[in-house]
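Let me begin by presenting the structure, written as structure tokens, before commenting on it.
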Amino acid sequence: MIASISKTNEILNKYNLRAKKGFGQNFIIESGVVAKIASSSFSDEAVIEIGPGIGALTEQLALISKKVISFEIDENLIPVLDEVLKEYKNVEIVNKDFLEINLKEVVDKLLLEYKKVSICANLPYYITTPILFKIFESNASVDYITVMVQKEVADRFKAKCNSSDYNALSVITQYLYDVSLVMVVSASVFNPKPNVDSAVIQFKRKNVDENFDREKFFKFVKMCFKQRRKTLYNNLKDSISKEIINKVLLENGLKESVRAQEISLNTFIKLFENFKGYEVF
């Protein structure tokens, strides 16, 4: 298995490789971790991986999936991946920046041959949020997204209202997906060892109203959290008249002193619909 201390060091030494901080590279050296990520990811048909590194998770996905497409931005890793994964004929390595691909186009093409498409990845910490929002906003038919991220980021994604981690990201994500924790991963299973622990989280797509104006709703949520310490009223008053804000708060039984982190997803949806009724968007 690639995900072991001995095999990882063998590959790194053979190809004279070092983890590149610029690409957020940390190589997993514990086979049980990648095996659990893969087995939890609903990737028995086609799966898209982002940032395969030297192929530790890719190998485990190849064992359970009919098709694995891995996008790797570092061209120096392509010959390495081609070599270490050569026995897996169901793996395709693509030397492209995931943020620049047309994800819906890739997924639609896979769905012509496979019953479903999932996404599974150990995400580079420095671009976790841009990658996830690219997926969220792509409108691609992906039912499950299973990713390893920095633990504190995972906490924000699954946070509930009235918690310190709850923010606009939490609300927007939970509108689109059911979010669950798969496992917490110690920093000790990586080479090099990062400064923080990680967590594997899973996003399961919800059936959402296609007629709902998601783009405006997401902008509204971000506006509500513009300055975390301020009240909802103070965050909105530069964009919406004070009279309308007070009317909408009253209609929803909310005090003028309420803050965004005290408001649930369902209440945010009601507030948005109420404000729309006053044609403020």
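The values are calculated or read from the model by the stated rules, or taken from the named source; none is laboratory data. All values reported here derive from a predicted model rather than from experimental measurement. Don't worry about glycine lacking a Cβ; one is built from the backbone with ideal geometry, like all the others, and counts go over all protein chains shown. The accessibility values were calculated without ligands, DNA or RNA, using every heavy atom of the protein model including side chains. Shrake-Rupley method; radii C 1.70, N 1.55, O 1.52, S 1.80 Å.
What is the one condition in (1) over 29 Å from the mean Cα position of the chain (by Cα); (2) part of a helix (DSSP H, G or I) that L271 does not satisfy?
Single failed check for L271: (1).
Pick from segment 8-24 the residues that are assigned to a helix (DSSP H, G or I) and open to solvent by 70 Å² or more (accessible area, probe 1.4 Å): which of them is modelled with the highest pLDDT?
Looking at the filtered set, the residue picked out is K14.
Among the candidates F268, F275, single out the residue that is open to solvent by less than 60 Å² (accessible area, probe 1.4 Å), touching a Leu at 6+ places or on another chain (Cβ under 9 Å) and under 19 Å from V171 (Cα atoms). Before you say what the answer is, go through the steps one by one.
Numbers: F268 fails: touching a Leu at 6+ places or on another chain (Cβ under 9 Å).
Only one candidate passes the filter, namely F275.
Across segment 156-183, which residue is most open to solvent (accessible area, probe 1.4 Å) among those that are part of a loop (DSSP other than H, G, I, E, B) and among the charged types (D, E, K, R)?
Selected residue: K160.
Please go through (1) among the aromatic types (F, W, Y); (2) at pLDDT below 95; (3) open to solvent by 30 Å² or more (accessible area, probe 1.4 Å) for F27 and return the number of the only condition it doesn't satisfy.
(3)
With respect to the numbered conditions (1) open to solvent by 10 Å² or more (accessible area, probe 1.4 Å); (2) among the acidic types (D, E); (3) within 22 Å of T128 (Cα to Cα), which one is the sole condition not fulfilled by D82?
(3)
Of the residues in segment 44-76, how many are over 20 Å from K134 (Cα atoms), modelled with pLDDT under 95 and surrounded by fewer than 23 Cβ atoms within 10 Å (Cβ to Cβ)?
2
So that you can scan it fast, the table gives a plain yes or no per residue for (1) within 14 Å of K276 (Cβ to Cβ); (2) open to solvent by 30 Å² or more (accessible area, probe 1.4 Å); (3) at pLDDT below 90; (4) within 21 Å of the chain's Cα centre (by Cα):
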position: V185; (1), (2), (3), (4): no, no, no, yes
position: S188; (1), (2), (3), (4): no, yes, yes, no
position: N191; (1), (2), (3), (4): no, yes, yes, no
position: P194; (1), (2), (3), (4): no, no, yes, yes
position: D197; (1), (2), (3), (4): no, yes, no, yes
position: F203; (1), (2), (3), (4): no, no, no, yes
position: N207; (1), (2), (3), (4): no, yes, no, yes
position: D213; (1), (2), (3), (4): yes, yes, no, no
position: K219; (1), (2), (3), (4): yes, yes, no, yes
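Could you list all residues from segment 125-146 that are of a type outside the set (A, V, I, L, M, F, W, C) and either assigned to a loop (DSSP other than H, G, I, E, B) or more than 20 Å from N195 (Cβ to Cβ) (or both)?
Those that are of a type outside the set (A, V, I, L, M, F, W, C) and either assigned to a loop (DSSP other than H, G, I, E, B) or more than 20 Å from N195 (Cβ to Cβ) (or both): P130, K134, E137, S138, N139, S141, D143, Y144, T146.
Looking at L236, L249, can you tell me which residue is modelled with pLDDT of 95 or more and either farther than 13 Å from K222 by Cα or open to solvent by 70 Å² or more (accessible area, probe 1.4 Å) (or both)? I'd like the intermediate steps shown before the answer.
Values: L236 fails: either farther than 13 Å from K222 by Cα or open to solvent by 70 Å² or more (accessible area, probe 1.4 Å) (or both).
Unique residue meeting the criteria: L249.
Looking only at segment 236-266, which residues are in a helix (DSSP H, G or I) and under 35 Å from the mean Cα position of the chain (by Cα)?
Result: L236, I245, V248, L249, E251, A260, Q261, E262, L265, N266.
Among the charged types (D, E, K, R), within 17 Å of L169 (Cβ to Cβ) and touching a residue at least 60 places away in the same chain (Cβ under 8 Å): does that describe R228?
Details: among the charged types (D, E, K, R): yes; within 17 Å of L169 (Cβ to Cβ): yes; touching a residue at least 60 places away in the same chain (Cβ under 8 Å): yes.
Yes; evaluated as a whole, the condition is true for this residue.
Which members of segment 190-220 meet the condition of being outside any loop (DSSP other than H, G, I, E, B) and either in contact with a Gly (Cβ under 9 Å, 6 or more places away or on another chain) or within 18 Å of T146 (Cα to Cα) (or both)?
Selection gives S198, A199, V200, I201, Q202, F203, K204, R205.
Within the set of pairs 6 or more residues apart or between chains, which connect a residue that is under 22 Å from F218 (Cβ atoms) inside segment 167-194 to a residue that is of a type in the set (G, A, S) and open to solvent by less than 50 Å² (accessible area, probe 1.4 Å) with Cβ atoms less than 6 Å apart?
That search, which allows pairs on different chains as well, returns S170/A159.
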